[in-house]
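The values are calculated or read from the model by the stated rules, or taken from the named source; none is laboratory data. The model shown is predicted, which means the values in this text are computed figures rather than measured ones. No Cβ is skipped: glycine too gets one built from the backbone with ideal geometry, and neighbour counts run over all protein chains shown.
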Amino acid sequence: MHKQLKLFLVANSLFLLAGGMLGPLYALFVRDIGGDILAVGASWSIFMVVSGLGIFFMGKIQDKIKKDKSFIIVGYGLMSLGFLGYFFISNVIQLFLVQILLGISMMIQTPVLDSFYTKYLESGKFASQWAVWEGMYFVIMGIAALIGAIFVKVFGFKNLFLVMFLLSLIGLFVAMQLKEKND
């Protein structure tokens, strides 16, 4: 596996770990800030729709600009800010705003993460190297869910958000070490 892919997997793993710690606990957090089941659904919907619609747009832009690393850094940076934003949320409206920010981060990074990864795949190893990417996602998210649950039980959501932010900053620093590959 190419050195850049290994570095990229480390960076992305840190973001997956950070975000995955909140994943299954999200509805409990929304309840804690005064939200109900509708707020959970609406806030998740906002995130998904902003992400999804933006991905169509960003894919076309990124195909023209071809600066994967720059988009990765911006996307990861916005995600880090979103994770920090959770720390300051005290009501559902603020949650909606953070979900918009996180949706924007996903719309920027989703096409470019796939583009960057694809450029460094070794010929004849496409399936196995994509399996590393996909398998890593599920394993890390599974581990993160348990870590997040234990962490919130012991230290609470506010401290979890600080840990998420810190992990994402480390991931951002690692991503800054990536090198562009020309087509």
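The residues listed here are VAL152, VAL112, VAL163, VAL98; of these, the one that is assigned to a helix (DSSP H, G or I), at pLDDT below 95, on the phi < 0 side of the Ramachandran plot and of a type in the set (Val, Ile, Thr) is VAL112.
Could you list, in sequence order, the residues of region 148-161 that are over 12 Å from LEU22 (Cβ atoms) and either surrounded by 15 or more Cβ atoms within 10 Å (Cβ to Cβ) or of a type in the set (Gly, Ala, Ser) (or both)? If the condition is that a residue be over 12 Å from LEU22 (Cβ atoms) and either surrounded by 15 or more Cβ atoms within 10 Å (Cβ to Cβ) or of a type in the set (Gly, Ala, Ser) (or both), then GLY156 is the only one that fits.
Just checking, how many residues over region 115-138 are in a loop (DSSP other than H, G, I, E, B) and either in contact with a strand residue (DSSP E or B) (Cβ under 6 Å, 6 or more places away or on another chain) or not hydrophobic (A, V, I, L, M, F, W, C) (or both)? Working first, answer last.
Our first condition is that a residue be in a loop (DSSP other than H, G, I, E, B); within region 115-138, this holds for 120-125.
If we keep only those that are either in contact with a strand residue (DSSP E or B) (Cβ under 6 Å, 6 or more places away or on another chain) or not hydrophobic (A, V, I, L, M, F, W, C) (or both) as well, we get 120, 122-125.
Matching residues across region 115-138 total 5.
Quick one: is GLY35 in contact with a helix residue (DSSP H, G or I) (Cβ under 7 Å, 6 or more places away or on another chain), assigned to a loop (DSSP other than H, G, I, E, B) and either of a type in the set (D, E, K, R) or at pLDDT 95 or above (or both)? Write out each step before concluding.
Working: in contact with a helix residue (DSSP H, G or I) (Cβ under 7 Å, 6 or more places away or on another chain): yes; assigned to a loop (DSSP other than H, G, I, E, B): yes; either of a type in the set (D, E, K, R) or at pLDDT 95 or above (or both): yes.
The answer is yes for GLY35.
Being in contact with a Gly (Cβ under 8 Å, 6 or more places away or on another chain), surrounded by 14 or more Cβ atoms within 10 Å (Cβ to Cβ), closer than 27 Å to VAL112 by Cα and not polar (S, T, N, Q): is that true of MET164 here? For MET164, the condition - in contact with a Gly (Cβ under 8 Å, 6 or more places away or on another chain), surrounded by 14 or more Cβ atoms within 10 Å (Cβ to Cβ), closer than 27 Å to VAL112 by Cα and not polar (S, T, N, Q) - is met.
Of the residues SER70, SER43, which single one is within 18 Å of the chain's Cα centre (by Cα) and over 19 Å from GLN4 (Cβ atoms)?
Numbers: SER70 fails: over 19 Å from GLN4 (Cβ atoms).
It is SER43.
Out of all the residues in region 103-114, is one or more farther than 16 Å from SER43 by Cβ and touching a residue at least 60 places away in the same chain (Cβ under 8 Å)? Yes, region 103-114 contains at least one residue that is farther than 16 Å from SER43 by Cβ and touching a residue at least 60 places away in the same chain (Cβ under 8 Å).
Among the residues making up region 34-66, those that are crowded, with 16+ Cβ neighbours inside 10 Å and of a type in the set (A, V, I, L, M) are ALA39, VAL40, ALA42, ILE46, VAL50, ILE55, MET58. Look at SER90 and say whether it is of a type outside the set (Lys, Arg), closer than 22 Å to MET136 by Cα, part of a loop (DSSP other than H, G, I, E, B) and more than 17 Å from the chain's Cα centre (by Cα). It is false that SER90 is of a type outside the set (Lys, Arg), closer than 22 Å to MET136 by Cα, part of a loop (DSSP other than H, G, I, E, B) and more than 17 Å from the chain's Cα centre (by Cα).
When the residues of region 115-141 are filtered to those that are of a type outside the set (A, V, I, L, M) and under 15 Å from the mean Cα position of the chain (by Cα), the one that is nearest to LYS181 (Cα to Cα) is TRP133.
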